[in-house]
């Protein structure tokens, strides 16, 4: 009986070791900020934990805003730094001046045809107030984000997350993504 138990334990340990060697290291816990599922612009669910290990710039966007030309700078950032691990995530929102009234299909058409956007875009969400997306509630809540929490003030507010999924920066809606302070923060996090 003891031999069978020891043999079973040895087999179990071998299987665990084999599974780890086949599948790589054991998975690290997912950051709370990436523990959400959001629909992409085509309505397909995307688990944000797929971006664990990447540097993220999360932006609430709108098609008819004075800040809308920031799409050009966001796309440039994505193209310049994606090989180093930067991913820009665009979340259309209509809370500010009703400047994102379109459907997801219309938003996708606008972004791709006018600004050649290739970074991930998501379905329209509520980023402030009643019906706020749980992901944006997490980003803006002072208890989950004491350093950079607080209501989003307008379209194109930007949250910077490091490779661990920690919120390490926030830039106001009017801050151009190509501004030196934004670039410096991104490069610092990419180099860490």
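Flag not set for residue 152, criterion: over 24 Å from residue 37 (Cβ atoms) and either in contact with a helix residue (DSSP H, G or I) (Cβ under 8 Å, 6 or more places away or on another chain) or assigned to a strand (DSSP E or B) (or both). Out of 163, 137, one residue alone is closer than 15 Å to residue 88 by Cα, out of contact with any helix residue (DSSP H, G or I) (no Cβ under 6 Å at 6 or more places or on another chain) and modelled with pLDDT of 95 or more. It is 163.
Across region 86-106, the number of residues qualifying as farther than 15 Å from residue 156 by Cα and surrounded by 15 or more Cβ atoms within 10 Å (Cβ to Cβ) comes to 4. Within region 172-187, the set of residues being over 18 Å from the mean Cα position of the chain (by Cα) and part of a helix (DSSP H, G or I) comprises 180, 181, 184. Looking only at residues in region 36-63 that are surrounded by fewer than 14 Cβ atoms within 10 Å (Cβ to Cβ) and free of Cβ contacts under 8 Å to residues at least 60 places away in the same chain, the one that is farthest from the chain's Cα centre (by Cα) is 44. Is one or more of the residues making up region 13-33 within 18 Å of residue 133 (Cβ to Cβ), touching a strand residue (DSSP E or B) at 6+ places or on another chain (Cβ under 7 Å) and either at pLDDT below 80 or surrounded by 15 or more Cβ atoms within 10 Å (Cβ to Cβ) (or both)? Yes, because at least one residue in region 13-33 is within 18 Å of residue 133 (Cβ to Cβ), touching a strand residue (DSSP E or B) at 6+ places or on another chain (Cβ under 7 Å) and either at pLDDT below 80 or surrounded by 15 or more Cβ atoms within 10 Å (Cβ to Cβ) (or both). Residue 128 meets the conditions (1) in a loop (DSSP other than H, G, I, E, B); (2) without any contact (Cβ under 8 Å) to a residue 60 or more places away in the chain; (3) under 18 Å from residue 86 (Cα atoms) in every case but one. The failed one is (3).
All conditions in (1) modelled with pLDDT under 95; (2) surrounded by fewer than 17 Cβ atoms within 10 Å (Cβ to Cβ) hold for residue 145, with the sole exception of (2).
The values are calculated or read from the model by the stated rules, or taken from the named source; none is laboratory data. Please read all numbers here as calculations on a predicted model, not as lab measurements. Backbone-built Cβ (ideal geometry, glycine too); neighbour counts: all protein chains shown.
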